[in-house]
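As structure tokens, the structure follows; a few thoughts come after it.
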Amino acid sequence: MNDISNTKSADKNVVRETMETTYRSARDAAGKAIETTRDATRDAVARTAKSVEANPLAILAGGIAVGMLAGAFLPHSEQEKKLLGPVGKRLTDTATGAALAAKEAGKAELDALGLNREAAHDQVGKMIGGVLKALASAGAAAVDSKPKA
């Protein structure tokens, strides 16, 4: 009977050691997985920060585009239409007025510098005349340089 007790005790020790070994292995593997995930996250954050620093306008444009898409696909409630309708109209009117004012100011500035449609037309005419004159001179030079038989 003593042999059976010793065998049971030895079996319990083997099971306990196996469980402890399995627990330690699982704990070590989980620790490594957490460390690997932490490193990968740190690298991703660093890459994202570099991208934002290198191209802040692209990130801004992308954010605006995503926001516009989200806004376009979300349904508008009657309450939103009622509350925001006048604001949208006022924004549209203001933006249109600002664009027209900028266009007029730009035209006035170009006119002051002598850069208008008529001046551009004259410059293009002079440039075409110069090109034609250069072609005629080149043709004449080619004829003159032709060896005579």
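The values are calculated or read from the model by the stated rules, or taken from the named source; none is laboratory data. Quick caveat, the model's predicted, so the values are computed rather than measured. Just the protein is used for accessible areas: all its heavy atoms, side chains included, with ligands, DNA and RNA removed. Shrake-Rupley method; radii C 1.70, N 1.55, O 1.52, S 1.80 Å.
Among GLY114, GLY88, GLY106, GLY97, which is the only one that is outside any helix (DSSP H, G or I) and open to solvent by less than 80 Å² (accessible area, probe 1.4 Å)?
When all the criteria are applied, what remains is GLY114.
Tell me the residue from VAL124, VAL66 that is modelled with pLDDT of 85 or more, open to solvent by 60 Å² or more (accessible area, probe 1.4 Å) and in a helix (DSSP H, G or I), please. Talk me through it step by step, then tell me what you get.
On the way: VAL124 fails: modelled with pLDDT of 85 or more.
VAL66 is the lone residue from the list that is modelled with pLDDT of 85 or more, open to solvent by 60 Å² or more (accessible area, probe 1.4 Å) and in a helix (DSSP H, G or I).
Of the residues examined, ALA72 is one that is under 31 Å from the mean Cα position of the chain (by Cα) and modelled with pLDDT under 80.
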